[in-house]
Amino acid sequence: MNKKLDVQKLSAQYIVRELKQEEAAIVYDLCKENPLFYRYHPPFVTAESILEDMKALPPHKDYKDKYYIGFFQHSQLAAVMDLIADYPQKSTAWIGFFAVNIRCQKRGVGTGIISDCAACLKLLGFEKIRLGIDKGNPQSRAFWTKNHFVLTEGEISAGETAYCMMERRL
């Protein structure tokens, strides 16, 4: 993708905007309520780790392709997503992180967001969405499988954990 993504178009139901570093506290508040994720993805979240994630880039990418975004329902942060355009290859969107507010879970919020994002990305010419889930995390695997993602190549080891790659063709 050659131009900046209009993140508001990623959802018909939520206000979507890029999150600023000054908003790391609201992301931290959302993430700290999900201890199951951090059981499989140590260490447990901190305000500092949120700031690091907001700046983190995969190899050979720059900030013009990174979208650290919040999905808001009125003034409440319903979900957060780290999206990288054209990674690991052109026409692929990479979800580096996705978390749904615990008060919104099991209500179709996450599935609705992923469905809207997939539809928008397809219209923009993306062919697939890729991501890695923590090996052994049943909640993550069930969520992404329900959202039409399939396991691809084997595992990638990363320090204390291993990731299983998944993708969804658009």
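Figure legend. Inter-residue proximity from segment 44-65: first residues of a type in the set (Asp, Glu), second residues open to solvent by 40 Å² or more (accessible area, probe 1.4 Å) and part of a loop (DSSP other than H, G, I, E, B), beta-carbon distance below 7 Å, spacing 6+ or different chains. Indicated pairs: Asp65/Tyr87. Tell me yes or no: at least one residue of segment 20-32 is modelled with pLDDT of 95 or more, aliphatic (A, V, I, L, M) and open to solvent by 40 Å² or more (accessible area, probe 1.4 Å). Checked against the condition, which is being modelled with pLDDT of 95 or more, aliphatic (A, V, I, L, M) and open to solvent by 40 Å² or more (accessible area, probe 1.4 Å), segment 20-32 yields at least one hit.
Residues are listed down the side, and each one gets a yes or a no for (1) over 15 Å from the mean Cα position of the chain (by Cα); (2) within 23 Å of Ala162 (Cβ to Cβ); (3) among the aliphatic types (A, V, I, L, M):
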| position | (1), (2), (3) |
| --- | --- |
| Phe44 | yes, yes, no |
| Glu48 | yes, no, no |
| Pro59 | yes, yes, no |
| Asp65 | no, no, no |
| Ala85 | no, no, yes |
| Gln89 | yes, yes, no |
| Gly112 | no, no, no |
| Leu121 | no, no, yes |
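Among residues of segment 113-167 being touching a Phe, Trp or Tyr at 6+ places or on another chain (Cβ under 7 Å) and under 24 Å from Arg17 (Cβ atoms), the one that is surrounded by the most Cβ atoms within 10 Å (Cβ to Cβ) is Ile113. Inspection of segment 62-80 identifies no residue that is surrounded by fewer than 19 Cβ atoms within 10 Å (Cβ to Cβ), closer than 21 Å to Asp134 by Cβ and at pLDDT below 95.
The values are calculated or read from the model by the stated rules, or taken from the named source; none is laboratory data. As the structure is a computational prediction, the values presented were derived from the model and not from experiment. Note that we place each Cβ from the backbone using ideal geometry, even for glycine, and neighbour counts take in every protein chain shown. Side chains are part of the model used for accessible areas, which takes the heavy atoms of the whole protein and leaves out ligands, DNA and RNA. Shrake-Rupley method; radii C 1.70, N 1.55, O 1.52, S 1.80 Å.
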